[in-house]
Amino acid sequence: PPGSRPSNAGPDHPMRQVTRLAAFDADGWDAGRRSEVAAVFDGLAPEWHTRASEARADVVNDALDRGGPIPPGPWLELGSGTGLVTPLVAARGPSLVAVDVSAAMLALAPPAAAPRLRADSASLPVVGGSISALVLVNAFLFPREAARVLRPDGALVWVNTFGDGTPIYLAAADVLAALGSEWTGVDSEAGWGTWVVARRG
């Protein structure tokens, strides 16, 4: 995209710290932290629509186009917010459910794009091994829960829309390290963003 990449965050950003905690410290995400994060995003919900951009959509489409085949079946978009990319993800995965911990975000999401579910991505109300794809666009990664809910042939799609300038950011190597040694991935970048699509084995 034209112009300079927005740099919204660095390593000391509070959400960057929570991102690493969620990915690498299973005991660090508790009810108190979940409530704090939900309250932050409840407060941001009214202006979240201003963050929509063609660049955001481009990197998501690139990950879904070039990250390898993703099996059909139920998909979850975790951390879906107000649905900035939900319609384009739903166009690829028609059995998509949009999930967020913030009630205010979900209230502003387009209901026609996908069913909306308020839930903590660290403890999803779904049967183990039942999900074909998890799509996380600037969302927290909870490796144990991802491994639990995904089918053996399922895919995890991780997108940072502004690369390492994204507040909720992990490099591709960190995503794979958090998931564990049995996971492999394809990663690349598009415009300002980076992505990795990870699978077991």
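The values are calculated or read from the model by the stated rules, or taken from the named source; none is laboratory data. If you're wondering where the values come from, they're calculated on a predicted model, not measured in any experiment. Neighbour counts run over all protein chains shown; Cβ positions are idealised from the backbone, glycine included. Only protein heavy atoms, including side chains, enter the accessible area calculation; ligands, DNA and RNA are left aside. Shrake-Rupley method; radii C 1.70, N 1.55, O 1.52, S 1.80 Å.
Think of each Lys and Arg Cβ as +1 and each Asp and Glu Cβ as -1; about the Cα centre, that makes the dipole of the chain roughly 340 debye. Counting only protein heavy atoms and a 1.4 Å probe, segment 75-180 has 33 square angstrom of accessible area per residue.
In segment 22-63, the C-alpha radius of gyration followed by the widest Cα-Cα span (Dmax) gives 14.7, 37 angstrom.
Estimated from helices alone, the mean residue ellipticity of the chain at 222 nm is -9000 deg cm²/dmol (sum of -39500 (n - 2.57) over DSSP H runs with n ≥ 4, per residue).
A crude spin-label estimate for the pair Ala39 and Val127, with each label 7 Å from Cα along the Cβ direction, gives 3.8 nm. Among DSSP beta bridges whose residues both lie in the chain, state the antiparallel percentage, nearest 5. The antiparallel proportion sits near 45 percent.
Considering only protein heavy atoms and a probe of 1.4 Å, how much of the accessible area of segment 161-201 is carbon and sulfur, as a whole percent?
Values: 790 of 1590 Å².
Of the solvent-accessible surface of segment 161-201, carbon and sulfur hold 49 percent.
Classify segment 61-164 from the C-alpha gyration tensor, please: rounded if a/c falls under 1.5, else prolate or oblate depending on whether a/b exceeds b/c. Here segment 61-164 falls in the rounded category. Ligands, DNA and RNA aside, Phe41 has an accessible area near 30 Å² when probed at 1.4 Å.
Look at the Cα gyration tensor of segment 73-126: its axes a ≥ b ≥ c give a/c of at least 1.5 with a/b at or below b/c, and that counts as oblate.
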